[in-house]
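The values are calculated or read from the model by the stated rules, or taken from the named source; none is laboratory data. This structure is a prediction, so every number in the text was calculated from the model and none was measured. Glycine also receives a Cβ, built like all others from the backbone with ideal geometry; neighbour counts cover every protein chain displayed.
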């Protein structure tokens, strides 16, 4: 028995399509596609969620010293006038050292983060800021499903035939 469907695509195109559908399902909570594609994506999404649940609390808090630009009241970087060795003047950004608490992944969680990144795309929100999909999985989705038994985090709802080619359409959604 074959382990995965070909979906009428070459390997690279099929993998890109599955990555996109997986990312959309995780970020938006549901995705509408054909029944065969939905069945493929369901297994990927369920495995990523169970991986995130297993590793959600596997980190430690560490204090990190960061050198960053000093900001004025308007949020702009502060600069100072400095002379170089050859006598020319230029503007230099004023730096300040700040100590921040950050989460440091333990090795198994880091490996899980890398596995997740292999299965999803990097995406941006409407403002153009990056959405951290692994962090979303670990912090939001894994905490939501933490008490649930293994598997069954998604549901496929059949939506009838598609106009045009009559393909069976399904909605894959997080429960």
| said: Any residue that is more than 13 Å from residue 54 (Cα to Cα) and in contact with a helix residue (DSSP H, G or I) (Cβ under 6 Å, 6 or more places away or on another chain) - is there at least one of those in the stretch 139-154? | reply: yes
| task | Among the residues of the stretch 163-174, write down those that are surrounded by 13 or more Cβ atoms within 10 Å (Cβ to Cβ) and outside any strand (DSSP E or B). | result | 167
| query | Only one residue in 18, 7 is touching a residue at least 24 places away in the same chain (Cβ under 8 Å), part of a loop (DSSP other than H, G, I, E, B) and closer than 30 Å to residue 162 by Cβ, so which one is that? | reply | 7
| field | Boolean, residue 136 is free of Cβ contacts under 8 Å to residues at least 60 places away in the same chain and either outside the structural domain of residue 22 (by TED's automatic domain parsing) or outside any strand (DSSP E or B) (or both) | value | no
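Residues to consider are 13, 53, 49; find the one that is touching a residue at least 60 places away in the same chain (Cβ under 8 Å), in the same structural domain as residue 174 (by TED's automatic domain parsing) and within 30 Å of residue 168 (Cα to Cα).
Numbers: 13 fails: touching a residue at least 60 places away in the same chain (Cβ under 8 Å); 53 fails: within 30 Å of residue 168 (Cα to Cα).
Only one candidate qualifies: 49.
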| Residue identified as under 15 Å from residue 168 (Cα atoms) and in contact with a helix residue (DSSP H, G or I) (Cβ under 7 Å, 6 or more places away or on another chain) among 27, 31, 41 | 31
| Restricting the stretch 20-45 to residues that are under 15 Å from the mean Cα position of the chain (by Cα) and closer than 15 Å to residue 4 by Cβ, the residue that is surrounded by the fewest Cβ atoms within 10 Å (Cβ to Cβ) | 44
| said: Could you tell me how many of the residues in the stretch 96-130 are surrounded by 13 or more Cβ atoms within 10 Å (Cβ to Cβ), part of a strand (DSSP E or B) and at pLDDT 90 or above? | reply: 1
| query | Of the conditions (1) closer than 26 Å to residue 146 by Cα; (2) surrounded by 11 or more Cβ atoms within 10 Å (Cβ to Cβ); (3) under 16 Å from the mean Cα position of the chain (by Cα), residue 57 fails just one. Which one is it? | reply | (3)
